[in-house]
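Below: the structure, in structure tokens.
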Amino acid sequence: MTNSMSEIEHTDCILITGSNTAETHPIIGRMVKRAVQRNRAKLIIVDPRQVELTKYAHIWLRPRPGTDVAWINGLMNVIIAEELWDKVYVQERTEGFEAMRQAVAPYTPEVVSKITGVPAEDIRRAARMYAKAPRAMQLYAMGITQHSTGTNNVMALANLAMLCGNVGIEGGGVNPLRGQGNVQGACDMGALPNVFPGYQSVTDEAVLGKFEQGWGTGMRLSNRLGLMLTEMFPAIMDGKLKAMLIMGENPVLSDANATHVKEALEKLDLLVVQDIFFTETAQLADVVLPAASFAEKDGTFTNTERRVQRVRKAIDPPGSAMPDWQIICALAERIGQKLQERRDRDNGRNAARAAARPAYGRWDYASPSEIFDEMASLTPSYAGISYERLERGGLQWPCPTKYHPGTPYLHKGRFTRGKGKFAAIEFAPSAELPNEEYPFYLSTGRIRYHYHTGTMTRRSPGLETIAPEERLELNPQDAQRMGIAEGDLVRVTSRRGSIEAKVRLSERSSPGMVFGTFHFREVPINVLTNNALDPVAKIPEYKVCAVRVERVPTAERPAAPERKAAEELQPA
Ligand SMILES: Nc1nc2c(c(=O)[nH]1)N[C@H]1C(S)=C(S)[C@@H](COP(=O)(O)OP(=O)(O)OC[C@H]3O[C@@H](n4cnc5c(=O)[nH]c(N)nc54)[C@H](O)[C@@H]3O)O[C@H]1N2
Ligand SMILES: Nc1nc2c(c(=O)[nH]1)N[C@H]1C(S)=C(S)[C@@H](COP(=O)(O)OP(=O)(O)OC[C@H]3O[C@@H](n4cnc5c(=O)[nH]c(N)nc54)[C@H](O)[C@@H]3O)O[C@H]1N2
Ligand SMILES: [Mo]
């Protein structure tokens with residue numbers, strides 16, 4: 001997030017799009033409810049699904065999935081036409097306005113209405129409400145990013161925020177709600193194919209030199225860009241990638257076009273999986289490394305508002321499980337020894353003598369806090385943070401020095417890059433649209449009671465009692481037309497595969513759309529999803545693909561073993 005969570009309760013207008021906030025970020029969802037009820041903030045929701053927070057919204061726009069650039073450009077079109085934009089801010093703090101103005105000129109409310117299905121007058125109302133608010137905050141999540149146009153969707157939102165002077169102020173901002181507890185921290189630490197910790201580029205010679213020295217590598221570090229996760233599966237199929245270490249991911253259930261993913265993983269020469277449970281992905285592994293869970297180790301998590309917080313070990317890990325950092329160090333040490341032996345052999349030297357020397361950096365850390373200190377010494381945005389300081393509470397980066405209080409919101413006074421840059425963005429349709437053969441939109445996501453592939457939440461008897469099985473959400477109009485009743489079994493088929501699940505009839509999904517989750521291994525919905533990628537972020541189009549829905553006749557139905565398993569799990 002550019003801004004902080006607490007600012008939600010100190011703003012005049014909140015625009016939420018592509019985020020089922022009340023279910024997926026319940027704490028932030030509560031803050032939004034309070035902002036509306038107690039502080040009279042205006043709430044605009046833009047979502048194809050009738051999410052819980054629409055009950056609190058002043059305006060709810062319901063666009064067709066995958067049409068975000070169109071409505072966002074439409075809002076800007078109105079704001080410019082009605083002279084509601086922040087001219088001083090645009091003049092002083094931004095560049096590229098003219099090109100953006102030209103790009104949004106064709107997106108009149110009437111044109112946008114045709115693309116999105118949202119009434120033109122609603123586009124005007126939303127534009128006025130957002131632009132007239134002294135401070136307006138945007139919250140978004142996967143409904144914006146998980147598209148083949150995800151990067152453009154985000155840039156369009158940034159355009160809108162800058163047009164109204166809402167970046168770099170308290171109670172404003174463009175705020176992606178990060179998903180996992182520590183996904184922000186993982187990115188900050190360089191768990192990306194192109195950067196070191198703190199987003200320092202691997203192609204920058206000065207940066208490379210700094211890390212070689214700081215880590216004591218004794219060799220040049222590679223300046224080559226790695227692959228994104230979604231690029232790895234095709235690379236395996238092409239024979240370019242032979243071995244993989246998967247740590248804390250279950251791609252067999254979570255990645256788009258799952259059949260293809262499984263095929264790729266089976267083709268690897270070596271697959272190592274490091275997880276706290278024996279997952280569907282671990283079942284394909286040559287070696288499984290048991291890891292300790294969050295409650296069984298020390299460390300830090302960096303949350304969605306860039307706040308670094310301590311996590312403290314509460315219980316011992318079971319069996320031979322170890323904290324991830326110890327597993328990584330142990331692996332690295334052995335790999336370093338092997339590399340050194342090979343190098344010495346090539347150089348004709350004595351391998352035994354060589355093995356005694358520390359090679360390829362040091363891996364003998366005594367504690368996570370020692371690792372943190374080394375990282376902070378090489379990472380300007382974390383430089384002022386230490387475990388000692390974190391004892392007194394979390395700190396928000398950038399925190400460049402020991403006495404710096406941390407940064408609640410970014411781009412204050414000036415943008416990190418200097419001037420805020422408008423981009424001219426054109427609407428483009430999703431990679432796959434419904435047609436006669438596949439007439440429905442499939443949208444996928446989450447429910448409140450389960451987490452992702454269910455490795456953890458489906459082991460909780462309480463949650464299993466509330467949500468024991470997948471229920472595909474179908475609009476009652478469609479159901480009636482097709483003779484489908486609540487609880488009926490349907491077969492859903494896309495160009496990539498087919499699954500069977502029971503339906504729940506609900507107005508939450510609009511006619512022509514079905515919604516399902518990826519929480520249940522019995523209904524692996526990613527067999528259906530499209531692995532078309534955004535060209536920049538390489539994120540797959542989880543939120544739009546075309547499917548066919550058919551009722552499965554009773555005679556064809558198998559006994560439902562999953563149902564039984566769920567019942568066995570229920571507490572007596
Ligand atoms: N209970 C629970 N909470 C979670 C998780 C979980 O598994 N379970 N996972 C966590 C993680 S890692 C993440 S990333 C977050 C995800 O949090 P969210 O992104 O809120 O979760 P999703 O269910 O993917 O919902 C996306 C929303 O986008 C909407 N949407 C779909 N298509 C479009 C579109 O084309 N345009 C727009 N504007 N909206 C669209 C959907 O209707 C839905 O309301 O949740 C986190 N929180
Ligand atoms: N159809 C569809 N697919 C999606 C999405 C969608 O909206 N629709 N959303 C996507 C998104 S946003 C996300 S974030 C991904 C999530 O996809 P994944 O990350 O693959 O899903 P998880 O089930 O969270 O898997 C995390 C794994 O980490 C393990 N684990 C937990 N704690 C630890 C630990 O401390 N150490 C180790 N080593 N392992 C641990 C868990 O047991 C689990 O197996 O799914 C993506 N897939
Ligand atoms: Mo996520």
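The values are calculated or read from the model by the stated rules, or taken from the named source; none is laboratory data. Keep in mind the model is a prediction, meaning the values are calculated, not measured. Here the Cβ positions follow ideal geometry from the backbone for every residue, glycine too, while neighbour counts run over all protein chains shown. SASA here: full protein model, heavy atoms, side chains in, ligands and nucleic acids out. Shrake-Rupley method; radii C 1.70, N 1.55, O 1.52, S 1.80 Å.
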- Task: Quick one: dipole size for the chain, taken about the Cα centre, charges +1 on Lys/Arg Cβ and -1 on Asp/Glu Cβ, in debye to the nearest 20.
- Result: 1040
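Using the Cα centre of the range 440-569 as the reference point, and only Cβ charges (+1 on K/R, -1 on D/E), how large is the resulting charge dipole? Debye, rounded to the nearest 20.
Values: 20 positive and 17 negative charges, 53 e Å.
Magnitude of the dipole: close to 260 debye.
How large is the Kirkwood hydrodynamic radius of the range 5-177, in angstrom, based on all distinct alpha carbon pairs? Please list the in-between numbers first.
Working: mean 1/r = 0.0635 Å⁻¹.
Computed over the range 5-177, the radius equals 15.8 Å.
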- Query: Full extension from E98 to K114: what is 0.36 nm times the residue separation minus their Cα-Cα distance, to one decimal in nm?
  - Reply: 3.2 nm
- Message: In the range 361-393, whose amide N lies under 20 Å from the spot 7 Å out along Cα-to-Cβ of M219? List them in ranges.
- Response: 361-365
- Computed [θ] at 222 nm, helices only, for the chain once each DSSP H run of length n ≥ 4 contributes -39500 (n - 2.57): -9500 deg cm²/dmol
- Inter-label distance, nm, simple model (7 Å from Cα along the C-beta direction), E370/R343: 2.2
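With every protein chain present, what is the per residue accessible area of the range 5-177 (1.4 Å probe, Å²)? Intermediate values should be presented prior to the final figure.
Details: 6180 Å² over 173 residues.
Averaged over the residues of the range 5-177, the accessible area is 36 Å².
Thinking of the range 440-569 as a set of Cα atoms, what percent of all their pairs are more than 21 Å apart? Display every interim value, and only then the final one.
Details: 3500 of 8385 pairs.
Cα-Cα pairs of the range 440-569 separated by over 21 Å account for 42 percent.
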- In the range 183-396 the accessible area split gives carbon plus sulfur, as whole percent at 1.4 Å, a share of 55
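Using a 1.4 angstrom probe on heavy atoms only, work out the carbon and sulfur share of the accessible area of the range 440-569 in %. Provide the component values of the computation, followed by the final result.
Details: 3030 of 5630 Å².
Using a 1.4 Å probe with all protein chains present, the range 440-569 comes out at 54 percent carbon and sulfur.
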- Could you give the spread of the C-alpha atoms of the range 379-486 along their three principal axes, from largest to smallest, in whole angstroms? 67, 48, 20
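Please list the three semi-axes, largest first and in whole Å, of the ellipsoid equivalent to the chain, using sqrt of 5 times the eigenvalues of its alpha carbon gyration tensor. Provide the component values of the computation, followed by the final result.
Values: eigenvalues 316, 222, 103 Å².
For the chain, the ellipsoid semi-axes come out as 40, 33, 23 Å.
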- Could you give the accessible area per residue of the range 373-465, probe 1.4 Å, as a whole number in Å²? 53
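Could you give the semi-axes, largest first, of the ellipsoid that matches the range 125-207, computed as the square roots of 5 times the alpha carbon gyration tensor eigenvalues and rounded to whole Å?
29, 15, 13
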- Message: Please list 3J(HN,Hα) in residue order for the range 21-27, calculated via the Karplus relation 6.51 cos²θ - 1.76 cosθ + 1.60 where θ = phi - 60°; whole Hz, with x for glycine and proline.
- Response: 3, 5, 8, 9, 9, x, 5
- For the range 39-45, in order, what is each residue's ³J(HN,Hα) by Karplus, 6.51 cos²θ - 1.76 cosθ + 1.60 with θ = phi - 60°, in whole Hz (x at glycine and Pro)? 9, 6, 5, 7, 10, 10, 10
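With +1 assigned to the C-beta of every Lys and Arg and -1 to the C-beta of every Asp and Glu, and no other charges, what is the dipole magnitude of the range 133-292 about the Cα centre in debye, to the nearest 20? Provide the component values of the computation, followed by the final result.
On the way: 9 positive and 15 negative charges, 71 e Å.
Its charge dipole is roughly 340 debye.
So for the chain: antiparallel DSSP bridges make up what percent, rounded to the nearest 5?
Details: 25 of 62 bridges.
Given both bridge residues lie in the chain, the antiparallel proportion sits at roughly 40 percent.
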- Note on the structure: Distance in nm between A81 and E231 label points, each 7 Å along Cα→Cβ, equals 4.1
- Message: Let me check I've understood the local charge: for L160, count other residues with C-beta under 12 angstrom from its C-beta, Lys and Arg +1, Asp and Glu -1. What total comes out?
- Response: -2
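Tell me, in nm to one decimal, what length is gained between R495 and Q309 on full extension, where the rule is 0.36 nm per residue of separation less the Cα-Cα distance?
Values: separation 186, 0.36 × 186 = 66.96 nm, distance 4.42 nm.
Once the chain is fully extended between R495 and Q309, it gains 62.5 nm.
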- Message: Counting only other residues whose beta carbon sits under 10 Å from that of T24, what net charge do I get with K and R as +1, D and E as -1?
- Response: +1
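Would you work out what percent of the accessible area of the range 5-177, with all protein chains in place, is carbon or sulfur (probe 1.4 Å)?
Details: 3190 of 6180 Å².
Of the solvent-accessible surface of the range 5-177, carbon and sulfur hold 52 percent.
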- Note on the structure: In whole µm²/s, the translational diffusion coefficient that Stokes-Einstein assigns to the range 183-396, given a Kirkwood hydrodynamic radius over C-alpha pairs, 25 °C and 0.890 mPa s, equals 127
